[in-house]
Amino acid sequence: MMKRITFLMIFLTFQCYSQNSAVPGLYGECEDGYYACTQLLLKPDGHFEYYIFYDVGGGSVLQGTWKISSDTIILNSFAKPKQTKSFVIESSQMLSDSIFIQVYDFDSLSLGYAKVTINSKQVIQSDSNGFAKLPSQLIRSAQANFLSDSVLATFDDPFIRKITLFVPLRSGSIPQYIINERWLIRRNSIVPFDTRTLRFETKYSLQRTNIKNKKFGNRG
């Protein structure tokens, strides 16, 4: 029995090592003369280079660190926003007939006319300054959507009086930073996590490719 357990532990360790050691490399193929290009270079030393290019808007290379959690790659750029939390709450046991909500991006700029969904059913909209107000009630979750970007926050505090939500913006622009961005590991590809639908976007993936196909910086 002990031999079987020992063998199983060695086998699982080998499988995990094999998967992790196979992950580093270049992902994303871009044809010559491309109008848009996304490539992610995962280096064996735990660093990455993330190239995103649009014909309108130009391109940028983000650098940072990556790690593996189970079957998922997690990216964090060296560049950081002013705000790193997804939400902040203020609580009070004093009676109040209203709860206030503010919606910002990660650089603390207000997001006007954002859609806010309370407890997965009640939908309200922030004003031009990113503010919204609703009658006092028990709030278990709040999701803010701005364009195709969103953030979801869950709570277990029955005395919430104010909620500030921070939406990481990426729609139609080159991101300036990455915070805990997740990619699902497949056999020869990686699949991004969609923060709007809250699931991995299996219809879109970056295929593993030869380092000679790298379109940014030097190819060494």
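Read-outs throughout are calculated quantities, based only on the coordinates presented, and are distinct from any laboratory measurement. Quick caveat: nothing in here was measured; it's all calculated off a predicted structure. Please note: Cβ atoms are built from the backbone with ideal geometry, for glycine as well, and neighbour counts cover all protein chains shown.
Counting every other Cβ atom within 10 Å of each residue's Cβ, Tyr177, Tyr204, Tyr50 order from fewest to most as Tyr204, Tyr177, Tyr50. Between Leu134 and Glu201, the FRET efficiency from the beta-carbon distance, with R0 = 45 Å, is close to 0.90.
Would you mind classifying the chain by shape? Square roots of the alpha carbon gyration tensor eigenvalues, ordered a ≥ b ≥ c; an a/c under 1.5 is rounded, otherwise it is prolate if a/b is larger than b/c and oblate if not. Oblate, because a/c is 1.5 or more while a/b does not exceed b/c. Decide, for segment 87-167, between rounded, prolate and oblate: order the square roots of the alpha carbon gyration tensor eigenvalues as a ≥ b ≥ c, take rounded if a/c falls under 1.5, and otherwise choose prolate if a/b is larger than b/c, else oblate. Prolate, since a/c reaches 1.5 and a/b exceeds b/c.
Only beta bridges with both residues in segment 87-167 are counted; by DSSP, about 80 percent of them are antiparallel. Enumerate the amide H contacts of Gly64 below 5 Å, restricted to partners 5 or more residues apart or on another chain; note that Pro and chain-start residues carry no placed amide H. Sorted by chain and number, the residues that satisfy this are Phe48, Phe78. When each of Tyr27, Tyr35 is scored by the number of other beta-carbon atoms lying within 10 Å, the sequence from fewest to most is Tyr35, Tyr27. Our helix-only sum for the chain, with -39,500 (n - 2.57) per DSSP H run of n ≥ 4 divided by its residues, gives a mean residue ellipticity at 222 nm of -3500 deg cm²/dmol.
Quick one: grab the alpha carbon gyration tensor of segment 176-220, order the square roots of its eigenvalues as a ≥ b ≥ c, and give me rounded if a/c is under 1.5, else prolate or oblate depending on whether a/b is larger than b/c. Cα axes put segment 176-220 in the oblate bin.
The protection proxy used here, the mean number of other Cβ atoms lying within 10 Å of each residue, ranks peptides 97-106, 187-196 as follows, highest first: 97-106, 187-196.
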